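The values are calculated or read from the model by the stated rules, or taken from the named source; none is laboratory data. Predicted, not measured: the structure shown is a model, and the values here were computed from it. Using ideal geometry, Cβ is built from the backbone for each residue, glycine included, and neighbour counts are taken over all protein chains shown. Note: accessible area is taken over every heavy atom of the protein model, side chains too, but ligands, DNA and RNA are not part of it. Shrake-Rupley method; radii C 1.70, N 1.55, O 1.52, S 1.80 Å.
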Amino acid sequence: MSQQALPSLAVLISGRGSNLQAFIDACDSGHLPARIGLVISNNPAAAGLQRAERAGIATQCIDHRDYQSREAFDGALVDALRACDIELVILAGFMRILTPVLIEPYLGRLLNIHPSLLPKYPGLKTHQRALDAGDTEAGATVHFVTRELDGGPPVLQARVPIVRGDTAESLAARVAAQEHAIYPLAARWFVEGRLALHATGATLDGAPIPATGIAYNSGMCG
Ligand code: GRF
């Protein structure tokens, strides 16, 4: 299949872009049969923008500070996504709360990754909260984005152990390695037409996905 015929993804970032890099690598290797048509950052200083440029991917910086409301900012995002014919939107460390202006037109085509075992620890500082609670494991969850912050139906969830001496940083690194495996895999399921969002929740191959997402194991490859 020619590059142009592949489904086009947009990856929205605010920071270092390690998940973006996982998508770049998965597309390059053919593991994810898609192309990244656009990378958008709300933060002009995001290191992930350079990763995209190095990979020859179109980038746009849409700075939220240039807009008077969240809705106006989201409207600019929608305009950029529509102009590039984007089929699936990947939120990868995009540190903005979205409004229905973006969520509604992309409902069912909008994924996020959250660094916790949702429904535990929505919001920020997830690793420190897991450590403070004395949890023995942590993880990451890919989920569909709905109006509920970090509350859309989970798709895929990876677990890691918390080990003695862990800090928020060491735990984040262990979780991030899993993020880089599960996020492109969930996107692959989507572009292959296997993953969908319905009024009753998410499905894979027509079967309902459990409330905490499908449990990832390293033998999964699509
Ligand atoms: C990841 O931990 C992700 O779970 C969260 O934001 C972080 C983004 O990291 N949503 P990176 O920019 O992809 O390296």
Kirkwood Rh over alpha-carbon pairs of segment 47-159 plugged into Stokes-Einstein at 20 °C, 1.002 mPa s gives a D in µm²/s of 138
Report the local net charge at LEU195: Lys and Arg +1, Asp and Glu -1, summed over other residues whose C-beta lies under 11 Å from its C-beta. +1
Residues meeting the amide H criterion for LEU118 (H placed from the backbone, H to H distance under 5 Å, 5 or more places apart or on another chain) are THR141
Where does each of 164-177, 74-87 land if you order them by average Cβ count within 10 Å, highest first? 74-87, 164-177
Charge dipole (debye, nearest 20) of the chain; +1 at Cβ of Lys and Arg, -1 at Cβ of Asp and Glu: 240
Segment 156-189 and segment 1-15: distance between their alpha carbon centers, rounded to Å: 23
Of the accessible area of segment 15-122, with the probe set at 1.4 angstrom, what percent is carbon plus sulfur? 48
For segment 107-222, averaging the sequence separation of alpha carbon pairs under 8 Å that lie six or more residues apart and dividing by its residue count, the contact order in percent is 27
Mind grabbing the accessible area of HIS198 for me, 1.4 Å probe, Å², rounded to tens? 90
Just order 145-157, 201-213 by mean Cβ neighbour count inside 10 Å, highest at the front, would you? 145-157, 201-213
Kirkwood Rh over Cα pairs of the chain into Stokes-Einstein at 20 °C, 1.002 mPa s: D in µm²/s? 122
Given the protein chains as shown and a 1.4 Å probe, how many square angstrom of PHE73 are accessible, to the nearest 10? 10
With the contact rule set at Cα under 8 Å and sequence spacing of 6 or more, what percent relative contact order holds for the chain? 18
Most fluctuating of ALA199, ALA52, ALA138 in the GNM of the chain (C-alpha, under 10 Å) is ALA199
Looking at the chain, do any whole DSSP H helices span at least 18 angstrom along their long axis by alpha carbon and average 1.6 or above on Kyte-Doolittle, and which? none
Simple spin-label estimate for THR136 and GLU192 in nanometres, 7 Å along Cα-Cβ: 3.3
